[in-house]
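The values are calculated or read from the model by the stated rules, or taken from the named source; none is laboratory data. Note that the structure is predicted; figures quoted are calculated from it, not measured. Glycine gets a Cβ as well: all are built from the backbone with ideal geometry, and neighbour counts include every protein chain shown.
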Amino acid sequence: MKLEDFSAQDQSDLLPEPQKGLVYRCLGCQKEHPIDQLLYTCPECGQVLLIENNEFSELKKKSGKRWQRIFDLRKTLNIPALKGIFRFHELVAPVIPADCVIYLGEGSTPMVEASGLLQSQVGARFYYKNDGQNPSASFKDRGMAAAMAYINYLIKYKGAGKILSVCASTGDTSAAAALYASYLSPNVASSVLLPKGKVTPQQLAQPLGSGAQVFEVPGVFDDCMKVVEHLAENFQVALLNSKNPWRILGQESYAFEVAQELDYDLKGTVIVVPIGNAGNISAIMRGFMKMYELEIIDSLPMILGVQSHHADPVFQYYSEPDPEKREWQPMTVKPSVAQAAMIGNPVSMPRVVELARRYEKTAGAGNFHVVQVNEQAIMDSMIQANRHGHIACTQGGESLAGLKAAMAKGIVGKEHTAVLDATAHHLKFIGFQQMYFEDNFPAEMGVTPEKELQNYPREAVPSGLVRLPAPGNPLEGEEFKAFVSKTAELIAKELGLKVR
Ligand SMILES: Cc1ncc(COP(=O)(O)O)c(C=O)c1O
Ligand SMILES: [Zn+2]
């Protein structure tokens with residue numbers, strides 16, 4: 001619809017006005033820092049930051065119902081700056097003027113209810129939200145759209161000059177960073193650091209295709225992250241990992257969309273999220289809390305984080321029930337099929353600790369959990385989901401495995417409806433499916449395929465023919481007819497088809 005098709009009142013609310021009020025807030029010393037420059041950590045104490053809106057209470061001048069209407073009406077507009085994560089402009093980054101927003105098709109990813117058969121197999125009502133249907137095929141585009149809009153704002157309005165962005169990645173952050181940076185070329189260039197051999201070929205191809213400078217570094221993600229932090233501390237680069245608090249703002253849009261998709265009624269909802277660097281789960285909790293504070297939603301969903309037993313520092317931390325006795329311990333990770341979440345020292349751990357505390361304070365104890373799953377369960381669940389119409393990656397499989405684990409523990413029951421984050425598109429991680437089908441996982445992953453979940457192509461080559469068609473050498477006449485009928489008969493026999 002066109003803006004002029006709406007009432008004067010609606011029109012005035014639909015186009016957001018840039019607002020002041022955003023500040024960096026340190027999670028350590030609580031100090032506030034102005035947002036006129038890009039900060040990743042507190043200049044005073046070095047702790048990570050969140051971006052807060054000191055004028056958030058202004059938003060309460062509109063009722064929750066009014067905000068619902070604004071966000072719903074914006075869905076009908078053909079204005080690029082309001083199509084993606086900035087549909088929720090006032091909740092995401094209200095300082096950003098519309099002309100700085102970069103819309104590459106991110107957000108509004110489909111929430112697909114699992115088929116009746118799959119729900120009965122799992123024993124729960126659930127949806128997958130397909131964040132793999134973002135432009136670089138993972139949820140990271142949400143945060144990247146916010147971080148790049150801010151960088152664009154610094155360039156356009158704050159005289160920032162040309163910017164070189166840098167990030168460490170388990171594959172998906174780099175794909176998103178390179179994609180968004182390439183759109184802002186030549187003002188923004190991108191360089192990415194990847195742990196050599198620890199991202200999939202598809203993920204390596206993505207930043208190369210976007211023209212980024214790609215560095216393969218020995219070790220695992222945690223090693224790359226340290227190098228990137230050193231670069232950001234000592235050189236003129238813009239760090240695009242989720243240490244960058246603008247990324248968190250963008251990722252909050254996942255929560256806003258889930259709420260909108262469920263008509264803002266989240267009673268009995270459980271949000272299931274794989275945890276790697278812990279940025280996404282932090283952002284999702286924060287997003288729901290913002291909506292709750294503005295009375296856009298009247299209940300907070302349960303949050304369920306999931307980690308593989310090969311990379312589970314957050315699970316280990318929360319396995320101590322007494323908050324006073326919990327001790328943070330980074331770990332050395334082992335190879336995991338949930339490779340994108342194979343992180344032993346998550347940068348956003350302080351955010352999780354603080355936000356989970358605030359979340360449970362508002363939602364009530366027992367509304368934040370972290371469960372652990374094994375590699376076998378991740379793979380079986382991914383294959384199971386995808387055989388019923390989903391497009392889950394290994395991390396998406398981890399979400400389903402996590403839901404099952406939470407049900408087994410009695411955390412989630414029949415009264416719940418779960419929304420599972422399929423954080424990336426399964427094609428990015430297709431090599432793991434291949435390993436499952438060919439039964440050749442590295443021993444340390446400890447995955448044995450279930451026979452009935454394996455699949456493989458069969459050759460359909462009829463016997464008794466003198467020639468077969470080949471590229472550039474087609475068959476003709478009787479020879480071709482014989483080839484067609486013999487091949488069809490062979491396939492019909494394999495399929496057990498009845499003759500008409
Ligand atoms: C596909 C995918 N799923 C899950 C994660 C974990 O998300 P986070 O690092 O925000 O916890 C990542 C990245 O680390 C990822 O790329
Ligand atoms: Zn501080």
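The residues in region 352-376 that are part of a loop (DSSP other than H, G, I, E, B) and in contact with a Gly (Cβ under 8 Å, 6 or more places away or on another chain) can be counted, and the count is 1. Might you check whether a residue that is under 19 Å from A93 (Cβ atoms), more than 16 Å from ligand 2 (Cβ to nearest atom) and not assigned by TED's automatic domain parsing to the domain that holds S282 occurs anywhere in region 35-43? Scanning region 35-43, I find at least one residue that is under 19 Å from A93 (Cβ atoms), more than 16 Å from ligand 2 (Cβ to nearest atom) and not assigned by TED's automatic domain parsing to the domain that holds S282, so the answer is yes.
Residues in region 191-240 that are within 17 Å of M148 (Cβ to Cβ), assigned to a strand (DSSP E or B) and aliphatic (A, V, I, L, M): V192, A238, L239. Looking only at region 74-86, residues that are buried (at least 17 other Cβ atoms within 10 Å of the Cβ) and touching a residue at least 24 places away in the same chain (Cβ under 8 Å) come to 7 in all.
For (1) buried (at least 19 other Cβ atoms within 10 Å of the Cβ); (2) outside the structural domain of Q339 (by TED's automatic domain parsing); (3) not in a helix (DSSP H, G or I), each residue gets a yes or a no:
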position	(1), (2), (3)
H388	no, no, yes
A405	yes, no, no
I430	no, no, no
F437	no, no, no
N440	no, no, yes
L475	no, yes, yes
E478	no, yes, no
A492	no, yes, no
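Looking only at residues of region 3-28 that are touching a helix residue (DSSP H, G or I) at 6+ places or on another chain (Cβ under 7 Å) and over 21 Å from I96 (Cβ atoms), we find that the one that is surrounded by the most Cβ atoms within 10 Å (Cβ to Cβ) is L27. Close Cβ contacts (under 6 Å, 6 or more residues apart or on different chains) running from residues in region 279-299 that are in contact (Cβ under 8 Å) with a residue 40 or more places away in the chain to residues that are within 16 Å of ligand 2 (Cβ to nearest atom) and in a helix (DSSP H, G or I) comprise S282/R351. Remark: pairs (first residue in region 205-229, buried (at least 22 other Cβ atoms within 10 Å of the Cβ); second residue hydroxyl-bearing (S, T, Y); Cβ separation under 6 Å; 6+ apart in sequence or on different chains) = P207/S174; S210/S182; A212/S190; F221/T170.
For E360, state whether it is within 18 Å of L304 (Cα to Cα), of a type in the set (D, E, K, R) and out of contact with any strand residue (DSSP E or B) (no Cβ under 6 Å at 6 or more places or on another chain). Give the derivation first.
Numbers: within 18 Å of L304 (Cα to Cα): yes; of a type in the set (D, E, K, R): yes; out of contact with any strand residue (DSSP E or B) (no Cβ under 6 Å at 6 or more places or on another chain): no.
No.
Inside region 317-360, can you point out the residues that are surrounded by 18 or more Cβ atoms within 10 Å (Cβ to Cβ), polar (S, T, N, Q) and under 25 Å from A443 (Cβ atoms)? Result: S336, Q339. Of all residues in region 410-423, those being farther than 15 Å from Q119 by Cα and either out of contact with any strand residue (DSSP E or B) (no Cβ under 7 Å at 6 or more places or on another chain) or among the hydroxyl-bearing types (S, T, Y) (or both) number 2. The selection criterion, being of a type in the set (F, W, Y) and either out of contact with any Ser or Thr (no Cβ under 9 Å at 6 or more places or on another chain) or on the phi > 0 side of the Ramachandran plot (or both), holds for F235. Remark: C45 matches the filter, which requires a residue to be farther than 17 Å from A255 by Cβ, surrounded by fewer than 19 Cβ atoms within 10 Å (Cβ to Cβ) and touching a strand residue (DSSP E or B) at 6+ places or on another chain (Cβ under 7 Å). The strands (runs of 3 or more DSSP E) located wholly in region 20-63 that include 1 or more residues which are touching a residue at least 60 places away in the same chain (Cβ under 8 Å) occupy 22-26, 49-53.
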